[in-house]
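Here is the structure we will look at.
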Ligand SMILES: [Zn+2]
C-alpha cells in the first residue's frame, strides 16, 4: 500500500495510465542492483530513487576525484576524497527518504559478484570496463536476473536490455577482451544513456512497453542520431548458450 505522502510524491507518474497505483506499488516492491556510482550510476540511481524504486543497492569501491565531477553528478566538489559509495548513499537518501538505499563499498569480482547481487530483481550495468560487465552479465544469466547494459565513450553511447533465457546477452554481442582504460567522455552522454537504462528498468518493473531486447541501441550525440542494431542470441555463447560453463 502506498502512503499518503507517496501518493503525493509520485502523483504525476501515477497519473500515467500505464503506471497508476498498481505500477507505483510494483516500483516500491522492486529491488534494483546498480553496479557503479560513476557517470552512468549517478543518473540511473537518481532517477530510480526519484521514481520510488523501493530498494536500491549501489556498489562502488572508488573515491571521488576532481576529474570525476564533469559527469558523476551524484558527487560534488565537497566530496572529493570521499568514498563514492558513501557520497552516493548520502545524496540518494536526502533525495528520497521513502526508499531504502544500500550503498556498498566493494570491488565487483568473480568471487563476490554472486553474493552482491543475491536477492535483487534487476541488475543495472553502470560500469566503465568490459571485464566487470562480463562478470555481471554472467551472474545475471546464471541467476536469471534481467540485466540493463549501458556504455559511453565521448559523445557516443550504447544501451541494451537482456532478459536471461529469452534474449541475446551481452556476451552474445561482445567477445573481445578490452583492457581497462581512461576514456574521454562529456557528462551529457552518460546522462542520455543512463536515462534510457532507467526507463527500461521502470518499464520492466511495471510491465509495460516494448523493451530494448535483441537490439543494441547506439547513440551519436554529435549528430543526435539513434541507430538500432538487431542482435541475436548466439546458440554457442559461453554465457547463455551451449558453450556455457556453470559457476
Ligand atoms: Zn549470450
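Neighbour counts of other Cβ atoms within 10 Å put 177, 34, 196 in the fewest-to-most order 177, 196, 34. At an R0 of 25 angstrom, the distance between the Cβ atoms of residue 100 and residue 12 translates into a FRET efficiency of 0.65.
At full extension, residue 156 and residue 66 could sit 30.1 nm farther apart than now, given 0.36 nm per residue minus the alpha carbon distance. With Cα atoms defining each centre, region 46-63 and region 166-215 are spaced 16 Å apart in the structure. Calculate log10 I(q)/I(0) of region 125-187 for q = 0.28, 0.29 Å⁻¹, where I(q) comes from the Debye formula with a single equal point scatterer on each Cα and nothing for solvent. At q = 0.28, 0.29 Å⁻¹ the computed log10 ratios are -1.29, -1.35. With contacts taken as Cα pairs under 8 Å and at least 6 residues apart, the chain reaches a relative contact order of 18 percent.
Between residue 210 and residue 175, the C-beta separation translates, for a Förster distance of 30 Å, into a calculated FRET efficiency of about 0.65.
Assuming R0 = 30 Å, can you tell me the calculated FRET efficiency for the pair residue 218 and residue 143, based on Cβ-Cβ distance, to the nearest 0.05? Computed FRET efficiency for residue 218 and residue 143: 0.60. The alpha carbon gyration tensor of region 73-208 gives principal lengths a ≥ b ≥ c with a/c below 1.5, which makes the shape rounded. Can you bin region 4-144 into rounded, prolate or oblate? Criterion: square roots of the alpha carbon gyration tensor eigenvalues sorted a ≥ b ≥ c, rounded for a/c under 1.5, prolate for a/b above b/c, oblate for the rest. In terms of gyration-tensor shape, oblate.
Calculate the length of the line joining the C-alpha centroid of region 65-142 to that of region 217-247, in whole Å. About 23 Å separates the Cα centre of region 65-142 from the one of region 217-247. The ellipsoid that matches the Cα gyration tensor of region 58-106 has semi-axes, each √(5λ) in whole angstrom, of 18, 12, 8, with the longest given first. With contributions of -39500 (n - 2.57) from each DSSP H run of at least four residues, the per-residue ellipticity at 222 nm computed over the chain stands at -10000 deg cm²/dmol. Using C-alpha pairs below 8 Å separated by at least 6 residues, the relative contact order for region 97-187 is 25 percent. Each label point was placed 7 Å from the Cα along the Cα-to-Cβ direction; for residue 244 and residue 109 their separation is 2.7 nm. By the gyration tensor of its Cα atoms, with a ≥ b ≥ c the square roots of the eigenvalues, what is the shape of the chain: rounded for a/c under 1.5, prolate for a/b over b/c, or oblate? Cα axes put the chain in the rounded bin.
Values quoted throughout were computed directly from the atomic coordinates according to the rules given, and no laboratory measurement underlies them. Not measured: the values here are computed from a predicted model. Here Cβ is always computed from backbone atoms with ideal geometry, including for glycine, and neighbour counts include all displayed protein chains.
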